[in-house]
Amino acid sequence: MVLEPIAEKQSNIKQQRTEIICSLCSNDNNERGIITDPISGEIICQNCGEVVSGKQLLTSPECRVADTDKRDRSRIRAGTPRSLARHDMGLATKIGPMDKDARGHPLDTAMSSRMGRLRTWDTRLYADNPDYKNLQPAFSKLLVLKDKLGLSDAVVERTAYMYRKAQEKGLVRGRTISAVIAAALYGVLKEMGVSRTLNEISEVTNIKRKELAKAYRLIVLQLDLKLPAIDPVKYIAKVANKANLSEKTKRQAIDIMYDLAKRGITAGKDPSSLAAAVLYLASRNTGENVTQKDLAEASGKSEVTLRMRLKELKRQY
């Protein structure tokens, strides 16, 4: 009972394959006169050149390879995926350099010269586009930041989206592209809860902290962003790893931080300096030998800031 519908289905598929017939010369695919163009995806009669069926493009790869890094890109039918981190979002077309027709024959001199002029104007249209002139260097800098900071694709896509919104609002005009793209990246990192400070972004991008903070405040104000408060617990592991502290000290510092958050003491305080102060208190309880200087260097703050934060915690906690 199960084999009958399967057999019927296979027979139907065979009938569909044999039904492809050219309307001009009555040629069918049984005589092997019907071919498929691998570039356009059209089914063409080889005898008269009639297009029997329209485009039937396949978006999946023609070859299956387990390792995506070793996949031959020339054998893949589909193009690159859409991405906001590209100036054309991966959708722009380009006239190729191949001077051949659909049958693979070389073009004559007049047609080859005409295609050369069309290719030149096609390149100029993209070069003279003001949006492409701004987005192309901006997203090139974004890819550099992705490699330096080890960012995920989701962060890069969200940053590109925020930068496009800032460009539509005219926020890039009169400011450097590096400052705006770095400010957008910092806003996305805060939105996704990634523990990156403004000083770290400033050092990586080689932009002054004052300029970066000004661009960030402008983006938040003009785009009406609702960014969540930074969780200081995420900075504990970061500072503790730099200071080479034990796991026991980390866990006790996390417990202290949760207790401080319940009492509302962490509100309005810098998470890096607060994490360093909590780790210092936890190291005292666990008996681990760590100095205030080591924790200040690990958190990127001064010893004076760390001592002030410790005095506040001892007074309130």
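Checked against (1) part of a loop (DSSP other than H, G, I, E, B); (2) of a type in the set (A, V, I, L, M, F, W, C); (3) under 18 Å from the mean Cα position of the chain (by Cα), Leu189 meets all criteria but (1).
The residue pairs whose first member lies in the range 127-141 and is modelled with pLDDT of 85 or more, whose second member is in a helix (DSSP H, G or I) and of a type in the set (Phe, Trp, Tyr), and whose beta carbons are closer than 9 Å, counting only pairs six or more residues apart or on different chains, are Leu135/Tyr163; Ala138/Tyr163; Phe139/Tyr163.
Scanning the range 72-93 for residues that are among the polar types (S, T, N, Q) and modelled with pLDDT of 55 or more gives Thr80, Ser83, Thr93. Looking across the range 270-282, the residues that are without any contact (Cβ under 8 Å) to a residue 60 or more places away in the chain and within 39 Å of the chain's Cα centre (by Cα) come down to Asp270, Ser273, Leu274, Ala275, Ala276, Ala277, Val278, Leu279, Tyr280, Ala282. Here Gly116 passes the criteria (1) under 27 Å from the mean Cα position of the chain (by Cα); (2) surrounded by 11 or more Cβ atoms within 10 Å (Cβ to Cβ) except the one numbered (1).
For the range 228-243, what are the residues that are without any contact (Cβ under 8 Å) to a residue 60 or more places away in the chain and surrounded by 13 or more Cβ atoms within 10 Å (Cβ to Cβ)? Listed by number, the residues that qualify are Ile230, Asp231, Pro232, Val233, Lys234, Ile236, Ala237, Lys238, Ala240, Lys242, Ala243.
Any chance the range 200-222 includes a residue that's within 27 Å of His87 (Cα to Cα), in contact (Cβ under 8 Å) with a residue 40 or more places away in the chain, under 24 Å from the mean Cα position of the chain (by Cα) and open to solvent by 50 Å² or more (accessible area, probe 1.4 Å)? Checked the range 200-222: at least one residue is within 27 Å of His87 (Cα to Cα), in contact (Cβ under 8 Å) with a residue 40 or more places away in the chain, under 24 Å from the mean Cα position of the chain (by Cα) and open to solvent by 50 Å² or more (accessible area, probe 1.4 Å). Under the condition of being in a helix (DSSP H, G or I), in contact (Cβ under 8 Å) with a residue 40 or more places away in the chain and more than 39 Å from the chain's Cα centre (by Cα), the residues counted in the range 283-311 number 1. The set of residues from the range 273-294 being of a type in the set (A, V, I, L, M, F, W, C) and more than 14 Å from Ser246 (Cβ to Cβ) comprises Leu274, Ala275, Ala276, Ala277, Val278, Leu281. For first residues located in the range 244-255 and part of a loop (DSSP other than H, G, I, E, B), partners that are open to solvent by 30 Å² or more (accessible area, probe 1.4 Å) and of a type in the set (S, T, N, Q) and lie 6+ apart or on another chain with Cβ distances below 8 Å form the pairs Ser246/Thr286. From (1) surrounded by fewer than 15 Cβ atoms within 10 Å (Cβ to Cβ); (2) over 21 Å from Gly300 (Cα atoms), pick out the condition that doesn't hold for Gly268. Exception for Gly268: condition (2).
Looking across Ser302, Ser283, one residue alone is out of contact with any His (no Cβ under 6 Å at 6 or more places or on another chain), open to solvent by 40 Å² or more (accessible area, probe 1.4 Å) and among the small types (Gly, Ala, Ser). It is Ser302.
The values are calculated or read from the model by the stated rules, or taken from the named source; none is laboratory data. These numbers come from a predicted model, not from an experiment. Methodologically, a virtual Cβ is constructed for each residue, glycine included, from the backbone with ideal geometry; neighbour enumeration extends over all protein chains shown. Please note that ligands, DNA and RNA were not included when accessible areas were found on the heavy atoms of the full protein model with its side chains. Shrake-Rupley method; radii C 1.70, N 1.55, O 1.52, S 1.80 Å.
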